[in-house]
Amino acid sequence: MPNQFAEELERLRGKMPVRELARRALCSKSTVSDYLNRDKIPSPGIARHLDNALGAQGKLLQLAYE
């Protein structure tokens, strides 16, 4: 679910700037913002990158598939 993904992404991101998360996840900051604002549904690939960048242990990847 996009809402659950966005909520978990925001929780895991904490105070990390969007730009830093984008750098770690190998994507643009506008892409991260789109997911945080629920404007886009993440692909499995970007969900994996975000999951790895935040050390989410597969949680974001799982939410991307729901």
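The values are calculated or read from the model by the stated rules, or taken from the named source; none is laboratory data. Source: prediction; values computed, not measured. Please note: Cβ atoms are built from the backbone with ideal geometry, for glycine as well, and neighbour counts cover all protein chains shown. Ligands, DNA and RNA are stripped out before the accessible areas are found, and what is left, the full protein with its side chains, is counted by its heavy atoms. Shrake-Rupley method; radii C 1.70, N 1.55, O 1.52, S 1.80 Å.
Details
- If you go through segment 52-66 and pick out every residue that is of a type outside the set (Gly, Ala, Ser) and exposed (fewer than 13 other Cβ atoms within 10 Å of the Cβ), you end up with 3.
- Positions within segment 1-20 being open to solvent by 90 Å² or more (accessible area, probe 1.4 Å) and closer than 17 Å to Tyr65 by Cα, in sequence order: Met1, Glu7
- Matching residues, segment 21-51, being open to solvent by 50 Å² or more (accessible area, probe 1.4 Å) and among the acidic types (Asp, Glu): Asp39
- Residue pairs whose Cβ atoms lie under 6 Å apart, separated by 6 or more positions or on different chains, with the first residue in segment 17-37 and on the phi > 0 side of the Ramachandran plot and the second open to solvent by 70 Å² or more (accessible area, probe 1.4 Å), are Leu26/His49.
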